[in-house]
1. Once fully extended, how much extra length lies between Leu19 and Asp58, figured as 0.36 nm per residue of separation less the alpha-carbon to alpha-carbon distance?
2. Report, to the nearest 10°, how far helix 61-92 tilts away from the longest principal axis of the Cα atoms in the chain, using its own Cα long axis and a range of 0 to 90°.
3. Of the listed values (i) -0.26, -1.15; (ii) -0.38, -1.07; (iii) -0.33, -1.11, grab the one calculated as log10 I(q)/I(0) by the Debye sum over Cα atoms at q = 0.10, 0.21 Å⁻¹ from the structure here.
4. Nearest 10 degrees, 0 to 90: what angle lies between the long axis of helix 32-48 and the longest principal axis of the chain (Cα atoms)?
5. So what is the calculated 222 nm ellipticity per residue for the chain, using -39500 (n - 2.57) for each DSSP H run with n of 4 or more, over all residues, to the nearest 500 deg cm²/dmol?
6. If you fit an axis through the alpha-carbon atoms of helix 3-27 and take the longest principal axis of the Cα set of the chain, what angle between them do you get, 0 to 90°, nearest 10?
Amino acid sequence: MTNRKRLTISWLFLMALTLSSALMGEYAHPGFWIITSVAFITAIKGRLIIDEFMELGDASLAIRRTVRLFGLLVPALMILTWLFGPRLAQWTSLATF
C-alpha cells in the first residue's frame, strides 16, 4: 500500500471516529460507559495520529514510548475527571472570601 493511500485511509478512519464520538456526546445519556467509550476512541485516534501523521512509529523507542504514554494519559484523565469532577473542581478553584 502506498504511503498516500495509507494516510488517506487513516484520515477517513479518524473522521469516522470523530463523528461517532461527537454523536455520542450529543445524543447519548452521560454515563460511565459513554465516557469510557469516548476515552477509548480518543486513545485510538491519538495512537493513529502519533504513528501515522507524526511518523513516530519509526522513532527511537524512548521518544515513541513517551509520546504514546501521553496519548494514553489524556483518555485516563477524561475518565478520572468524570469520576471525580466535583472533587477536582474543589481542589482547583480559587478560594472566595
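1. Value of the extension gain: 11.2 nm.
2. Approximately 20 degrees, to the nearest 10.
3. (ii)
4. Helix 32-48 sits roughly 30 degrees off the main axis of the chain.
5. About -27000 deg cm²/dmol.
6. In the chain, helix 3-27 runs at an angle near 20 degrees to the longest axis.
Read-outs throughout are calculated quantities, based only on the coordinates presented, and are distinct from any laboratory measurement. If you're wondering where the values come from, they're calculated on a predicted model, not measured in any experiment.
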